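Please read the structure below before turning to the comments.
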Amino acid sequence: MREGTGRPAFRRPEIGSVTAGILTAFYLLALTNWSFWSKGWAYLEGRPTTFASIALGISCLYVALCVAVSVKYLMKPIFILLIVASAAGAWFMDRFGVVIDIEMIRNAAETNSAEAGGLITTGFILHMLAFGLLPSLLLVWVKVRHRAFPAKLRGNLAVIVPALVLALVAGLSHARVYAAAVRAHHDWFETLNPFVPLVTAVQYAVGQSGEVDVVAAPLGEDARVADAPVGERKPRLMIVVAGETARADNFSLGGYGRDTNPELSKKDILYFPDTTSCGTATAVSLPCMFSVYPRSDYSHHKALATENLLDVLSHAGVHVEWWDNNTGSKEIAKRTGERSLIAGGNPRDCKNGECRDQVLLDNLDAWIGSVDRDTVLVLHQIGSHGPAYYERYPEEFRTFRPECRSADFSNCSGEEIVNAYDNTILYTDHILASVIDRLEKQENRLDVSMLYMSDHGESLGELGLYLHGAPYMIAPSHQTHVPFVLWLGRDEKAAYSAECLAGEAGKAQSHDNLFHTVLGMMRIDTKVRDPALDLMSPCRLGAVS
C-alpha cells in the first residue's frame with residue numbers, strides 16, 4: 001500500500017538482463033525478418049529440416065549477441081537502436097524487396113529531403129510506431145535487473161556458450177546445402193535484419209571518412225577540338241539528357257505494347273534498344289556514366305579520384321553546363337559548376353522542394369539563343385523517380401488510368417502502379433521531343449544534337465521487387481535495361497553514314513559508351529577517348545580519329 005493513500009503501490013515489471021536479451025533477440029527475428037525467412041524457405045526449396053536447422057542456428061546467434069551486449073547502462077540504448085533500425089529496414093525490404101547494401105545506403109545518404117519525404121508515407125509512420133516506437137517504450141518502461149559482475153559474467157556465458165555451440169552444430173549439419181543456396185542467391189543473407197544493414201552502414205561511414213580529402217587527378221589535359229575553329233563553322237551545341245529511373249521495357253520505341261513514345265516516334269531519331277546501365281541507383285550510375293572507367297573497372301573512389309567527361313570537355317575549350325532537377329550531379333560537375341533549377345521553378349510545376357521536368361524546358365527557352373561557342377549542356381531529370389510517380393507529370397499526361405495516386409504502393413493495385421509509371425515515361429517522351437523542337441529552331445546558326453540515357457531502370461512488382469537499387473549481381477533486367485535515344489541535327493547527321501548508324505543502333509550498347517561518344521561527337525581529340533567505345537566513330541564520314 002502507498003503510505004497515506006490507501007491504494008496499492010504501482011510497480012514497474014522487472015525482468016533479468018538475460019531474459020531481456022533473449023526476448024529482444026526473438027522480437028527481431030520473429031517480427032522484423034520476414035524477407036530473410038521467406039527468401040530462405042524459397043531458396044531451400046521447402047526443405048523443412050534444413051530450414052529448421054538454419055532457423056535454430058540464426059536464433060542462437062541472435063540470442064548470443066543480444067545477451068553479450070546486455071550490459072548495464074548500454075543495454076537499453078543498444079536494443080532500442082536495433083529495434084528501430086530493424087523496423088525501418090523491415091519496411092523497405094518487406095514492402096519493396098530492396099537489399100540494403102553499401103550502394104543503397106550511399107543513394108539514401110545523397111538524396112534530398114523532398115525525395116526522402118516521398119518515402120515517409122502514413123503506412124511507414126504507422127509501421128514505425130507499431131514495430132519501432134512501442135517496443136522501445138516498453139523496453140524503457142520495464143525495469144531490468146542486473147547482477148554483480150562475477151555473477152553476471154557467469155550467467156551470460158551460461159547462455160552465450162551453449163547458444164554458440166548450437167549455432168555451430170546447426171551450421172555444420174547442412175553446410176553444403178547452405179553454401180549452395182548462398183552462392184546461388186547472394187541477396188539472401190543481405191536481408192538479415194538489422195545486423196547486416198548496420199554493418200553495411202558502418203562500412204559506408206568508414207569509406208566516407210577516407211574520401212574527404214580525395215583530389216581528382218587530371219584527365220585529358222591534351223584535349224583539343226580537332227576541326228576548324230568557331231567562325232569558320234557553326235558553333236556545336238550538344239544537349240545530354242541524363243534520365244532518371246526510366247526502364248527500356250516501357251518504351252514503345254523498343255516494342256512496348258502501349259504507345260508511351262508518341263512524340264519521339266515522329267522524330268528522326270536513333271533508338272538503341274539493347275542498352276545496359278552501370279548501376280541500379282543514381283549514386284552509382286550517374287558518376288559512372290560520365291567516368292572514363294567502364295563498369296567492369298569502375299568504383300566510387302575512382303570516380304572521385306579522377307576527372308570526368310565534363311573536365312575533359314572543359315580542357316578542350318568547350319563550354320560546359322550542368323542543370324539539375326534532381327539531387328545534384330554527385331560531384332560530376334564539381335569543377336565545372338552546376339545549377340539547380342528547383343528553387344526558381346514555376347510554382348505550377350514545383351512544390352515541396354521538387355519540380356516536374358518542365359522546369360528544364362522553361363530555362364532552355366531563355367538560354368539557347370545565347371549560345372555562340374561549342375557547348376555541352378547536361379540536363380539532369382527527375383524523370384520517373386518513385387514511389388510518387390504521380391507527382392512527376394501534369395494533369396494532361398494522366399493518359400493511362402486508373403493510376404496510383406499514392407507513394408504507398410499498398411494503397412494501389414499492380415495495374416495502377418504501372419499506369420502511373422507509364423505516364424512518367426509519356427511525359428519524358430514529351431520533354432525529349434520538346435528539347436529536339438528547340439534545337440531544330442537553332443539549326444541555321446548551330447550544329448545541334450541530343451543524347452538521352454537513363455541512369456537505371458525500375459522494378460514494378462516483378463519478382464516481388466519495387467523501385468530500384470538491387471545489387472547489380474542479382475538485379476533483374478528491369479533495373480539495368482535502360483532507354484538510349486540519339487537525335488542529330490541536319491549538319492551533324494550529314495557527317496555520318498545513315499546505314500552505318502542504323503547498324504550501330506542494333507548492337508548492344510551501355511553506359512560505357514557515353515564518355516567516348518560525346519567526345520567523338522564534339523570532335524575532341526585526346527588520348528583518353530577510345531574509338532572502340534565511341535559508337536559514332538565507325539560511321540563518321542571523312543577522317544576518323
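For region 335-358 and region 180-226, write down the distance between their C-alpha centroids in whole Å.
Answer, in whole Å: 29.
Under a plain spin-label model, where a point goes 7 Å from the Cα along Cα-to-Cβ, how far apart in nm are Ile125 and Lys507?
So the two model labels end up 5.4 nm from each other.
Once you charge only the Cβ atoms, +1 for Lys and Arg and -1 for Asp and Glu, what is the size of the charge dipole of region 14-209 about its Cα centre, to the nearest 20 debye? Present the calculation step by step, with values, prior to reporting the outcome.
Details: 13 positive and 9 negative charges, 180 e Å.
That gives a dipole near 860 debye.
Taking the dipole about the Cα centre of the chain, with the C-beta of Lys and Arg at +1 and of Asp and Glu at -1, give me whichever of Ala246, Ala114, Gly337 is farthest to the positive side.
The listed residue farthest towards the positive side: Ala114.
Can you run the Rg to Rh ratio on the chain? Use alpha carbon positions and the Kirkwood inverse-distance Rh. Mind dumping the intermediate values first?
Working: Rg = 27.7 Å, Rh = 26.1 Å.
Rg divided by Rh gives 1.06.
Across region 14-209, how many lysine pairs, 8 or more apart or on two chains, come within less than 17 Å at their alpha-carbon atoms? Don't skip to the end; give the middle numbers.
Details: Lys72/Lys143; Lys72/Lys152; Lys76/Lys143; Lys76/Lys152; Lys143/Lys152.
For region 14-209, qualifying lysine pairs total 5.
Between Glu443 and Ala305, how high is the FRET efficiency from 1/(1 + (r/R0)^6) when r is the Cβ-Cβ distance and R₀ = 41 Å? Nearest 0.05. Spell out each step's value before the answer.
On the way: r = 40 Å, r/R0 = 0.98.
According to the calculation, E is roughly 0.55.
Cross-link partners among lysines for Lys507, C-alpha distance below 24 Å, same-chain residues fewer than 8 apart left out?
Lys266, Lys267, Lys493
Based on DSSP, what percent of beta bridges with both residues in region 235-498 are antiparallel, to the nearest 5? Could the numbers behind the result be given before it?
Working: 13 of 36 bridges.
Antiparallel: roughly 35 percent of the beta bridges in region 235-498.
Have a look at the DSSP beta bridges in the chain and tell me what percent are antiparallel, nearest 5.
Values: 16 of 45 bridges.
Antiparallel: roughly 35 percent of the beta bridges in the chain.
Can you pull out the cysteines in the chain that have no other Cys Cβ under 4.7 Å?
Unpaired cysteines in the chain: Cys60, Cys66.
Per 0.36 nm of contour for each residue apart, how much would the distance between Arg176 and Lys266 grow if the chain were fully extended, relative to their Cα-Cα spacing? Present the calculation step by step, with values, prior to reporting the outcome.
On the way: separation 90, 0.36 × 90 = 32.40 nm, distance 5.70 nm.
Difference between extended and current length: 26.7 nm.
With the cut-off at 1.5 for a/c, could you classify region 14-209 from its C-alpha gyration tensor as rounded, prolate or oblate?
Numbers: a/c = 1.79, a/b = 1.11, b/c = 1.62.
Oblate shape, in that a/c is at least 1.5 and b/c is the bigger or equal ratio.
Using only the alpha-carbon atoms, how far is helix 75-96 inclined from the longest principal axis of the chain? Give it as 0 to 90 degrees, nearest 10.
Helix 75-96 sits roughly 50 degrees off the main axis of the chain.
Using only the alpha-carbon atoms, how far is helix 175-184 inclined from the longest principal axis of the chain? Give it as 0 to 90 degrees, nearest 10.
30 degrees
Given points 7 Å out from each Cα along the Cα-Cβ axis, report the Asn112 to His146 separation in nanometres with one decimal.
4.6 nm
For helix 512-521, what angle does its Cα long axis make with the longest principal axis of the chain, in degrees from 0 to 90 and rounded to 10?
It works out to around 20 degrees.
Could you name the lysines whose alpha carbon sits less than 19 Å from that of Lys334, not counting residues in the same chain fewer than 8 places away?
Lys302
Coordinate-derived values only; no laboratory data. Bear in mind that the values here come from a model prediction, so they are computed numbers and not experimental data. Cβ sites come from the backbone with ideal geometry, for glycine too, and all protein chains shown count toward neighbours.
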